[in-house]
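Since the structure comes first, as structure tokens, the remarks are kept for the end.
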Amino acid sequence: MSKLVTPSLFSAIDWYKNAPKGWNEKAYDSLYNQLARTPYDLKAAAARGIDFEDLIYKILGKKYDIESLACTEKFKQFLRACKGGKFQVKSKTFIRVDEVEYCIYGKIDVLFPTKIIDIKTTSKWNRFSEEKYLGSMQHIMYLYNQRMEHFDYMIAVFDGEESKEIEEVRILTYKEKDFHKLYEKIVSAIEAQTEFLKEHPALYDLYHKTFSQY
């Protein structure tokens, strides 16, 4: 069976590697639990993000007139941008690295014929935020899988962790026409992931025996 590769796993490993002092144990536990497929309770901010996406899909699925809705202009920006797309589309391809087959897998929030939109929510925006999104592997993997060139992160910035009010809307765009460059980035990330897991036997074991049993 092929080994599973997901954007969330890359992010969890990266977070553990770069976690600030004092956060190492928490970052390790988060990575361990993901590899072990341990059920967990959503924090308020994460639950808000899921509810936010679901509301967009629900409204657009019912084909309401966006302009007549009693909601904020910022929320309407999301509705307009996502209208006409396909929601929660499973995306996967298979590649071989060092004689091992890997399944590059993800779930696309909003898929158009020539563009992908990923909906994000956050409680704050700072000078590190753009790097956080554009430094991830998510857009690389999804564009490679779909053989597309255009990816947008559409981000609702809320006024605090428990706020329901969108303070601003940010859009970060990534474009790449050279699919071989995307492929090389994925291979490099897989090689780095493999090297990391081999240095942590317990995580390596979980990756092969539990996480990849999809």
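So here's what we get for this one:
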read-out	value
Subset of segment 188-203 (residues that are part of a helix (DSSP H, G or I) and of a type in the set (Asp, Glu))	GLU191, GLU195
Candidate set from segment 83-120 (those that are among the hydroxyl-bearing types (Ser, Thr, Tyr) and closer than 22 Å to TYR214 by Cβ); member that is surrounded by the most Cβ atoms within 10 Å (Cβ to Cβ)	TYR102
Evaluation of GLU99 against (1) out of contact with any strand residue (DSSP E or B) (no Cβ under 8 Å at 6 or more places or on another chain); (2) at negative phi (one fails), failing number	(2)
Residue within segment 146-153 that is modelled with pLDDT of 95 or more and under 17 Å from SER8 (Cβ atoms) present	yes
Flag for GLN213 being polar (S, T, N, Q) and surrounded by 20 or more Cβ atoms within 10 Å (Cβ to Cβ)	no
Test set (1) farther than 15 Å from GLN193 by Cβ; (2) in contact with a strand residue (DSSP E or B) (Cβ under 7 Å, 6 or more places away or on another chain); (3) not basic (Lys, Arg) - LEU4 fails condition number	(1)
Neighbours by Cβ (under 7 Å, 6+ apart or cross-chain): first from segment 57-80, without any contact (Cβ under 8 Å) to a residue 40 or more places away in the chain and closer than 12 Å to VAL169 by Cβ; second assigned to a helix (DSSP H, G or I) and not small (Gly, Ala, Ser)	LYS76/ILE66; LEU79/ILE56; LEU79/ILE59; LEU79/LEU60; LEU79/ILE66; ARG80/ILE66
Subset of segment 21-59 (residues that are in contact with a Leu (Cβ under 8 Å, 6 or more places away or on another chain) and aliphatic (A, V, I, L, M))	LEU31, LEU35, ALA36, ILE50, ILE56, ILE59
Segments classed as helices (runs of 4 or more DSSP H), wholly inside segment 37-144, with at least 2 members that are basic (Lys, Arg) and at pLDDT 95 or above	73-82
Members of segment 168-187 that are of a type in the set (Asp, Glu) and either in a helix (DSSP H, G or I) or surrounded by 15 or more Cβ atoms within 10 Å (Cβ to Cβ) (or both)	GLU176, GLU184
Count - residues of segment 145-157 that are surrounded by fewer than 18 Cβ atoms within 10 Å (Cβ to Cβ) and not in a strand (DSSP E or B)	2
Close pairs from segment 32-43: first under 17 Å from PHE10 (Cβ atoms), partner aromatic (Phe, Trp, Tyr) and surrounded by 15 or more Cβ atoms within 10 Å (Cβ to Cβ), Cβ under 6 Å, at least 6 apart	LEU35/TYR207; LEU35/PHE211
Criterion: closer than 27 Å to GLY135 by Cα and crowded, with 18+ Cβ neighbours inside 10 Å - qualifying residue of ALA36, ALA19, ALA47, ALA27	ALA27
Subset of segment 1-54 [more than 16 Å from the chain's Cα centre (by Cα) and among the basic types (Lys, Arg)]	LYS3, LYS17, LYS21, LYS26, ARG37, LYS43
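The values are calculated or read from the model by the stated rules, or taken from the named source; none is laboratory data. In this text the structure is predicted, and so the values were computed from the model without any measurement. Every residue, glycine as well, gets a Cβ built from its backbone with ideal geometry; the counts of neighbours run over all protein chains shown.
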